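**Q** My questions will all concern the structure given below.
The values are calculated or read from the model by the stated rules, or taken from the named source; none is laboratory data. Not measured: the values here are computed from a predicted model. Heads up, the Cβs are rebuilt from the backbone with ideal geometry, glycines too, and the neighbour counts pull from every protein chain shown.
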Amino acid sequence: MERPRIEAWHEQEASYSLLFVQNPTPMWLIDDETLAFLEVNDAAVRHYGYMREEFLRMALKDIRPPEDIPRLLAYYQRALEAQCQGRIGQAGLWRHRTKDGTLIDVDINWSTVVFRGRKAHLIIAHDVTERVRAEAALRASYEELGRRVQERTAALARTNAALQAEVAERARGLRRRCGIRRSACVYAFRRAR
């Protein structure tokens, strides 16, 4: 190879290393036919707990809970049928399993690429576990608040009804003792306002 070509190749390798391998967000390349990992970045290795060599012996299904695999296969089939080279997409929220068995929630973005002559998907996995948990806790708090407001409103309605009944009973008793007709009480009440 001539020297300028070698230097250009080294620059491309450095760019690849910076953009993919050293990216702080977990990323990997998946073979479109087998769903096998073709390459993973350092962030994926750190975040998921698998060594790079372990990842490269695995398929995308291996980091999913078993009950999510049918959804994964159906989604991937639709994505492959609709794909055109260079397409970018968002797969939304998914659950992944780390090496220690922990389930995490991830927001997936992808792009179709050709990697080492194979059709593949470049996957970016943003861990949103804390956000999902916070949203669930917030929903639970709102539901609890709504339940408490309904309970308090019902209690106030019962107390108000009891108070009105007591006032009405006392007013009837007072009218009987004083010999006052109801219409005279209403007239006196209106004048007092």
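**Q** Of all residues in region 82-121, which are more than 26 Å from the chain's Cα centre (by Cα) and loosely packed, with under 14 Cβ neighbours inside 10 Å?
**A** If the condition is that a residue be more than 26 Å from the chain's Cα centre (by Cα) and loosely packed, with under 14 Cβ neighbours inside 10 Å, then C84, Q85, G86, V114, R116, G117 are the ones that fit.
**Q** Tell me which residues, restricted to region 55-79, are more than 15 Å from T34 (Cβ to Cβ) and of a type in the set (F, W, Y).
**A** Passing the criteria: only Y75.
**Q** Out of everything in region 124-164 that is of a type in the set (A, V, I, L, M) and more than 30 Å from W94 (Cα to Cα), what residue ends up being nearest to the chain's Cα centre (by Cα)? Even if it seems obvious, please write down each step before you answer.
**A** Taking region 124-164 as the starting set, the residues that turn out to be of a type in the set (A, V, I, L, M) are 124-125, 128, 132, 134, 136-138, 140, 145, 149, 154-157, 161-163.
Still in the list and also more than 30 Å from W94 (Cα to Cα): 149, 154-157, 161-163.
Numbers: V149: 27, A154: 34, A155: 36, L156: 37, A157: 38, A161: 44, A162: 46, L163: 47 Å.
So the residue we want is V149.
**Q** Kindly provide the set of residues from region 45-81 that are closer than 21 Å to L18 by Cα and under 20 Å from the mean Cα position of the chain (by Cα), ordered by number.
**A** Listed by number, the residues that qualify are H47, Y48.
**Q** If you don't mind, another one. Residue check, R176 against (1) surrounded by 10 or more Cβ atoms within 10 Å (Cβ to Cβ); (2) farther than 24 Å from D31 by Cα, all met but one. Which one?
**A** R176 satisfies every listed condition except (1).
**Q** Let me ask something else. Being exposed (fewer than 15 other Cβ atoms within 10 Å of the Cβ) and within 20 Å of R95 (Cβ to Cβ) is the filter here; which residues of region 27-48 pass it?
**A** If we filter region 27-48 for residues that are exposed (fewer than 15 other Cβ atoms within 10 Å of the Cβ), which is where we start, we get 33-34, 46.
Correct list: R46 only.
Listed here are the residues, each with its yes/no results for (1) in a strand (DSSP E or B); (2) at pLDDT below 85; (3) outside the structural domain of K61 (by TED's automatic domain parsing).
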| residue | (1), (2), (3) |
| --- | --- |
| L93 | yes, no, no |
| I104 | yes, no, no |
| V113 | yes, no, no |
| K119 | yes, no, no |
| L122 | yes, no, no |
| R148 | no, no, yes |
| A162 | no, yes, yes |
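**Q** Still on this model: What are the residue pairs meeting all of these: first residue in region 42-57, first residue more than 20 Å from V128 (Cα to Cα), second residue in a helix (DSSP H, G or I) and not aromatic (F, W, Y), Cβ atoms under 6 Å, and 6 or more apart or on different chains?
**A** R52/V45
**Q** So if I check each of A74, A59, which one is modelled with pLDDT under 95, under 24 Å from G92 (Cβ atoms), surrounded by fewer than 17 Cβ atoms within 10 Å (Cβ to Cβ) and among the small types (G, A, S)? Quick ask: steps written out before the conclusion?
**A** On the way: A59 fails: modelled with pLDDT under 95.
After ruling out the rest, the residue left standing is A74.
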